[in-house]
Each structure stands twice: as structure tokens, then as C-alpha cells.
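What follows is a set of notes on a single structure, which appears directly below.
All of the numbers you see were taken from the coordinates with simple rules; none came from a lab. Just so we're clear, the structure is a prediction, and the values are computed from it rather than from any experiment. Note that each Cβ is placed from the backbone with ideal geometry, even for glycine, and that neighbours are counted across all protein chains shown.
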Amino acid sequence: MRGFLAVAALAVGMLSISATPTPAAAEPPVPFTWMPEVAPQGPVLIVIGLDEQRAVVYRNGVRIGSSPVSTGKEGHETPTGIFNILQKRREHYSNLYNNAPMPFMQRLTWDGIALHAGHLPGYPASHGCVRLPYEFSEALFGITERGMTVVVAQSLGQPQLQSPEPLGMATASTGASPDSRWTWQPERMDQGPVTMVLSIADQQLVVMRGGVEIGRGDVAVDAPDVHTQAYAVMGGTPAGESRLVPGRPALNWMRIPIQRNLQRDLQRDLQRDPLEAGSAGNVDAAGAAIGGGAVRIDPEFAKRVHDALAPGSTLLVTPEPVSAVSNQGMTVFESAPRPQQAPEPAHE
């Protein structure tokens, strides 16, 4: 299965600097921002916006960097989705494109998509990889770890604090459906970031850790007008009690729009009553429905999921079946184990 994950954050003003070309890069200066000192610790999240051709880096919910990128050109589009960093190599060379150097390679998929330093012409030009300025790529390489989350979205949108929790439970009086089924096998992977996919079509929540499925359960959701959204757990503890597990503290969540098909969503909204239709991509129907109690989930399953969450954990809410998401230009979980022959990341 393939993995989603995302997080966003409060924007912090940063100074703009220019990357100094190195012999290895042989590129003209590319302006970027990099101020890791504003958030020296905490989970790191990278968000790539295909429309903007830009990467934004957050640490513990604070924006610490931003840079232009070059993603996949027509016919070789970079897939949208939530990924784990599967492999890191400071020095790497392509075995597909004339031994081309790919410094600071960070693999996102086993079929050839990665982050790496490379040429930025100002438009999508790669064979699927995300090219970064040399010095930005080097700095980023120094703060990431295997298993960390990278979100590739069609548009960066506007990250927002999410309240109440997006994974809220129904009241105890409604509880779970009588035939609710769930499995929980945390021993399958005891480390790595937790990523969840809530499929409205399937009425199921799938829980992954380190790219391996550790849980799955039935979730009854009454939210017919859901846009695809990503949420991430941030550091700190907000005031109040968790709606997921009464008696335990709530979690801090951030929301990032994943505008996979904005035109379709706009058309759908235009066909609705203008008094009811919101601005596509901005209305959080998922958060409102879920946080508002329009969800029924087995209390014991909810408790185990809640206990597994930590800063950096992510949730994808999608109207699509889990099995169909990857067939519509979006990646859901990328397995952690490396296949016997993993294609090299594309360079040019």
C-alpha cells in the first residue's frame, strides 16, 4: 500500500538568501529562504506545490524554508500524494541518464521519484523527480530522516489550524455501528511515522506506521461533500478534551488542502445553491463533519489509534476508495521494503 501524510503550519517571516553555485551544481544563483533556527526541534514536513513550483519546509508547525523547484514535465508528471522518505544518498548517479549526478537524493517511491539537487529552468522539466537548488537541497538533506513525510499537492493552498480534532468521535450514546469491524497489529512495525487514510467511499480508516499497515477499521461517516484534505498532528497540547478518547487531552492538528481536481470541485460547487456552496478548496467539509460528531467508530479502535499518534502523524481524508486513489493521479501508501530491482530516480 502507499502512504499519505501531511502537515502545515503558521507562517514565519524569513530572510531571503541566494544559493552560491558550487562546482558540483554549476548553476546560477537561485533565491531561497532557509532559517532553521526559528524552530530548532520537532517533526519536519516538506510540502511541494506543483502549480506554484515551490517547496515549503515546516518544523514543528513553523515554516523554516521555502524554495523554487522543478517537477515533472508533461507526460512525466510528479504524482501528488503523501510520501515517506524511503532512502537517502548524499552522492548518487543516475543509471538511466548518462550517469548524471543527483546530489542529496531522497527517494519518495520505489518506481523512481525522488528529491534531489538539479537544474531549475523555471518550469516543470524533470522526468518526475523534484529538483531543488543545490545549497537548499544540501541544507534540507541535513535535517531529514528516513520515514519523514513529504506532501506533493497540486496547489499549496493555505495551511490552517484545525479545531476541533478532525478525527472526532460520535457521542457515547451513538457509539460504533453494531457490526463494526477492526484489526490492530502494531507489532508489524514498531517505529516510524503514523499515516492514516480515511476513505468516505469505503467507510474505513487505514492506519500505517513506517509505510506498513498496522490497523484498519470500519468508520461510519456522514459527509457526502468532502474534498480531499490532509491533516497533521503538531507539537503542543491544546486546551480541552479529546473527542476521540474522552478523558485524554486533545491533539493539535493542522490542515493542508490537497487540491487534486480543483476544476471538478468548482463545477460541483457551482451546481449547488450559492447560499450553501463554499469556496472550493477552502471549505473543510471533512473537518466540519468529522469534528462535529458525524462519525461513528468503535471506541476501542479509536483509543488505540489515538495512542499511536504523535507530532508528525498525518491523516488523509478522501471521498475516493483507497484502492482507487492511486489510479487517479494520487499516491496513497508507498511500502517501506525495497523491491529487488528498484528503478533509479529520473534525472533529465
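Remark on Ala201: its backbone amide H falls under 5 Å from those of Glu320, a criterion applied only to residues 5 or more positions apart or on other chains, H modelled at 1.01 Å from N.
Taking other C-beta atoms within 10 Å as the exposure proxy, Glu37, Glu300, Glu213 rank Glu37, Glu300, Glu213 from fewest upward.
May I ask you to derive the FRET efficiency for Arg90 and Met189 from their Cβ-Cβ distance with R0 = 35 Å, giving the value to the nearest 0.05?
Values: r = 26 Å, r/R0 = 0.75.
Working from the Cβ atoms, E equals 0.85.
Seen from every direction in turn and averaged, the convex hull around the alpha carbons of the stretch 16-153 projects onto 7.7 nm². Report for the stretch 16-153 the percent antiparallel among DSSP-assigned beta bridges with both residues inside it, nearest 5. Given both bridge residues lie in the stretch 16-153, the antiparallel proportion sits at roughly 75 percent. Over the stretch 53-132, the hull volume per residue, using the convex hull of the C-alpha atoms, is 106 Å³.
Given their separation in residues at 0.36 nm each and the Cα-Cα distance between them, Ala310 and Asp111 gain 68.7 nm when the chain is fully extended. Exposure proxy for Thr183, Thr144, Thr149, Thr80: other Cβ atoms within 10 Å of each Cβ, ordered fewest to most, give Thr183, Thr144, Thr80, Thr149.
Rounded, prolate or oblate: pick one for the stretch 31-84, where a ≥ b ≥ c are the square roots of the eigenvalues of its C-alpha gyration tensor, a/c under 1.5 means rounded, and failing that, prolate if a/b is larger than b/c, else oblate. Write out the running numbers ahead of the final one.
On the way: a/c = 3.86, a/b = 1.83, b/c = 2.11.
Oblate is the answer for the stretch 31-84, as a/c is 1.5 or above yet b/c matches or exceeds a/b.
Roughly speaking, what % of Cα-Cα pairs in the stretch 107-160 are separated by over 12 Å, rounded to a whole number? Roughly 72 percent, rounded to a whole number.
Could you give the length gained on full extension between His76 and Gln41, defined as 0.36 nm per residue of separation minus the Cα-Cα distance, in nm? Present the calculation step by step, with values, prior to reporting the outcome.
Values: separation 35, 0.36 × 35 = 12.60 nm, distance 3.56 nm.
9.0 nm is the gain from fully extending His76 to Gln41.
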